[in-house]
Every structure is written in C-alpha cells, then in structure tokens.
1. Could you figure out which of (1) without any contact (Cβ under 8 Å) to a residue 12 or more places away in the chain; (2) crowded, with 17+ Cβ neighbours inside 10 Å isn't true of Arg148?
2. Check off (1) surrounded by fewer than 15 Cβ atoms within 10 Å (Cβ to Cβ); (2) touching an Asp or Glu at 6+ places or on another chain (Cβ under 9 Å) for Thr240 and give me the number that stays unchecked.
3. Looking at the range 153-259, what helices (runs of 4 or more DSSP H) fall wholly within it and have at least 2 residues that are out of contact with any helix residue (DSSP H, G or I) (no Cβ under 8 Å at 6 or more places or on another chain) and without any contact (Cβ under 8 Å) to a residue 40 or more places away in the chain?
4. Taking only pairs six or more apart or across chains, which ones have beta-carbon atoms under 6 Å, a first residue in the range 112-123 that is in contact (Cβ under 8 Å) with a residue 60 or more places away in the chain and under 15 Å from Gly18 (Cβ atoms), and a second residue that is of a type in the set (Gly, Ala, Ser) and part of a loop (DSSP other than H, G, I, E, B)?
5. Under 7 Å between Cβ atoms, which residue pairs at least 6 apart in sequence (or on different chains) link something in the range 4-26 that is over 24 Å from Gly237 (Cα atoms) with a partner that is of a type in the set (Ser, Thr, Tyr)?
6. What residue, among those in the range 46-66 that are of a type in the set (Val, Ile, Thr) and modelled with pLDDT under 95, is farthest from His147 (Cα to Cα)?
7. In this structure, does Phe143 turn out to be buried (at least 16 other Cβ atoms within 10 Å of the Cβ), of a type in the set (Phe, Trp, Tyr) and touching a strand residue (DSSP E or B) at 6+ places or on another chain (Cβ under 7 Å)?
Amino acid sequence: MRQVKRVGVVGAGVMGRGIAYQSVIKGFEVLLYDARSSAVEDAVEQIARLMERERQKGRVDEQTARSGLENLKTAGDLAEFGECDFVIEAVTEDLAVKHDVFRRLDAVCPVDVVLATNTSAKSITEIAAAASRPERVVGMHFFNPVHRMELVEVVRGLESADWAVAATEELGRRLGKETIRVNERPGFATSRISALVGNEAFYMLMEGVASAEDIDKAIKLGLNYPMGPFELGDLVGWDTRLHVLEYLHETLGEKFRPCPLLVQYVRAGRLGRKVGRGVYEYDEQGRRIDKSRSC
C-alpha cells in the first residue's frame, strides 16, 4: 500500500477547505485546486482564520498551526496532482463535473493512487465510470464541519478494489476520524436519513406546524441532535440538499420528493450561510443574526 504523505483536494468550497484543513493539522502536505482561482484564494484565507481560532481555543498548538499553513499548497491545474499520494474530490454534486475531474485525474495520477469522492449521495460506480481504472475509485464522505465531525463513510462502488477501500479507511483513521464501511446505495447510511429529516422539517414549516426556531429546538432538545435540521441545512447549503433529495427521489422513490417550500428557497437564492440567508440570516462573518433582538 502506498504511503500517503501528500493529499490532493479538488474543490475549494466548504467541504474541500474543511478536508484540506483537517489534513494539514494532521501532518499531511496538501495540494488544493479549484477551477475558480478566487475560490482557492478564499479557501486559504478561511483555513488560516480557522487555524487561528482553533489555536486561540487551545485545540491546535502554535507549532501545528505554523507547519499546517506551510504544508498547504495550491495548484493552478489538475496536471500537478500527479505528485499526490491520495486524491479527494469535493466539487459540486453534478455528475458531468465529477466525470471531467476524474477523467483528468485518472490521466495524471499513478495507478496506485486512490481517487476518492466526497459525494454525499451520488453513485460511486457512476463516478468511477469516467476513470480507466475504476477499481481505485472509492467514496470518502466527510461531514461538515470536517474538523469537528468524527465520522467518515467509506463507500465501496461496484468495482472498488479491496486495497483502495483499505487505503481509504487507513487515511480516515490518520485524519483522526472514525470510519464505517458502506456498500453503495443511494444516500449511503447517513445522507439517506438526514435528507428525510431535513425535508420533513420543511414540510412541517410549510404546514405551519411550528416556527423554524421551534422545530430546530424540538429536534435538538427532544431527540438530542447536536443541530436542528434548519441550522444544519443552512450550514451545508440548501442547493446541495436539494440536489441530494432530487437524486434520492429519482432512485428511491416518492418518500424523497423535495418539499415545494425547500425548492422555493433554492430558487429564491436562499441557499444558507454561504450567501448570508437561508432559513435564517447571517452577517459577513457567518454568524447568525438574532432577529428577535433587532426588533
């Protein structure tokens, strides 16, 4: 099994930069790429800010923070990923986009390098079809925020090789995560349940069962969830949640039909914290605005 020292991360959005952060604080070199150079620049700034916050809270020591930032490198093209020992794709949940990424990675990465996808619901087998060696493609599903969430789902596609699955589990452990092994089915083990909870919360909001705040409070205090479904959806992004639901509706049936109100929110651009407004509103630092206090 190849010794992993340098991890490539494709996609500098919320999940990509979270994976990059977790990798550098665990001692890996990271090569970060995004098709939009501005996204890479923003991700580097966000990672530096998170590093400083965690240092101030005592969760990361000064030496780890310094070496972590030194180990974070950026790439201008996927051709540079030929020097990576393991690659994690974290681009948008669009199969065509993922296929383009995996075709390009397959052409430049050595044959014993695992190409992992952070997809939260898409078929690993379909994604792997873009590679000439689909046996090295594995699902590696992280959760947001990556530095706080303990789980990584390792998802085996139809042609995922044992060595690739084992290498993915080993990297997950080295990143400080617990891993579970899942055989590919739409939504895997977690997104399938989370999508139902978030979608049902929107139906409840649409029906006037309770306010968003009270639904979140009910789920947190009554069911002991760490976050309410609206808080979580605002964090992940409702466009991402809608993509997942549409896929699950298509593959698993009617119970996953997206709530019309959720669809309206996405069409209105109320995507969540990343744009400043979802179910709740946020300031420029991503902190939730308490509307009750502003009245």
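The values are calculated or read from the model by the stated rules, or taken from the named source; none is laboratory data. These numbers come from a predicted model, not from an experiment. Cβ sites come from the backbone with ideal geometry, for glycine too, and all protein chains shown count toward neighbours.
1. Among (1) without any contact (Cβ under 8 Å) to a residue 12 or more places away in the chain; (2) crowded, with 17+ Cβ neighbours inside 10 Å, Arg148 violates only (2).
2. Condition not satisfied by Thr240: (1).
3. 162-174, 191-207, 212-217, 238-252
4. Qualifying pairs under 6 Å: Asn118/Ala90.
5. Close Cβ pairs satisfying both conditions: Val7/Ser23; Ile25/Thr64.
6. Applying the filter and picking the extreme gives Thr64.
7. yes
For every residue, the table says whether it meets (1) among the β-branched types (Val, Ile, Thr); (2) under 20 Å from the mean Cα position of the chain (by Cα); (3) not assigned by TED's automatic domain parsing to the domain that holds Met140.
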site	(1), (2), (3)
Asp162	no, no, no
Val165	yes, yes, no
Arg173	no, yes, no
Glu213	no, no, yes
